[in-house]
Amino acid sequence: MLLAPSLLAANFANLEAEMKWFNQSTADWLHLDVMDGVFVPNISFGFPVLKHVARICQKPLDVHMMIVQPEKFIAEVKALGAYLMNVHYEACTHLHRVIWEIHEAGMKAGVTLNPSTPISVLQDIAADVDLVLLMSVNPGFGGQKFITHTLQKIAELRQLLDRTGSKALIEVDGGVNLDTGRQLRAAGADVLVSGSYVFSAPDPIQACAALSAL
């Protein structure tokens, strides 16, 4: 199981210390939730902060753009050295174009669906993306309760990916802990995003190891 702890739950008063243990953990990627207070009802962090994080993080960056017009910031995300740029289906009027531009910038491209968005909207884009992120909470805040319907959506998404010949990974974000992680793994998820469960744990390295071992 690939693991992408979410920086949103980190101690922002001491990010250097957070990155020190993170670099030593079994985590595969660092998940970065960029929020604008428009597409989602919260503001997280911008590129001045992310530039410093990118310099000290030794693992690939999974940049999740919870913003309107994410295509305006492809160059900035690329400048971070990001491995993957993830945009919301709901935020992109011309999704094919955005995916193409992300690929042209040399990054993997992901598409995110909010909890109420059906899997069927990906029919015409599935074969072009490298990852699909299913939100298992409504985006904007950490620490929310896991939406169990996500498990059914994973099964539907897996069928769509197989039918379209897509090699996209399935990532899930929201309410992920050891219990829900087991359920998501059984349902067919490939990547788990976990914030509070990891960063608030007495031993974050052990929490990462437990999730990675699922």
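The values are calculated or read from the model by the stated rules, or taken from the named source; none is laboratory data. What you see is a predicted model, and the numbers here were worked out from it, not measured in a lab. Cβ sites come from the backbone with ideal geometry, for glycine too, and all protein chains shown count toward neighbours.
Here are a few things to note about the model shown:
- Scan of the stretch 125-183 for residues that are in a helix (DSSP H, G or I), basic (Lys, Arg) and within 19 Å of Val111 (Cβ to Cβ), ordered by number: Lys153, Arg158, Arg163
- Thr148 being surrounded by fewer than 22 Cβ atoms within 10 Å (Cβ to Cβ) and of a type outside the set (Phe, Trp, Tyr): yes
- Listed by first and then second residue, the pairs with beta-carbon distance under 7 Å, at least 6 apart or on different chains, first residue in the stretch 5-30 and under 16 Å from Ser196 (Cβ atoms), second at pLDDT 95 or above and among the charged types (D, E, K, R), are Ser6/Asp33; Leu8/Asp33; Ala10/Glu18; Asn11/Glu18; Ala27/Lys59; Leu30/Lys59; Leu30/Asp62.
- Answer residue from the stretch 184-211, given it is in a strand (DSSP E or B) and among the aliphatic types (A, V, I, L, M) and is nearest to the chain's Cα centre (by Cα) among those: Val193
- Within the stretch 51-75, the residues that satisfy the criterion of being out of contact with any Leu (no Cβ under 8 Å at 6 or more places or on another chain), buried (at least 16 other Cβ atoms within 10 Å of the Cβ) and closer than 27 Å to Ala17 by Cβ are Met65, Met66.
- Test set (1) touching a helix residue (DSSP H, G or I) at 6+ places or on another chain (Cβ under 9 Å); (2) farther than 25 Å from Asn14 by Cα - Gly81 fails condition number: (2)
- Of all residues in the stretch 90-124, those satisfying the criterion of being part of a helix (DSSP H, G or I) and closer than 20 Å to Lys153 by Cβ are Glu90, Ala91, Leu95, Ile119, Ser120, Val121, Leu122.
- Residue count, the stretch 48-70 (criterion: outside any loop (DSSP other than H, G, I, E, B) and over 17 Å from the mean Cα position of the chain (by Cα)): 6
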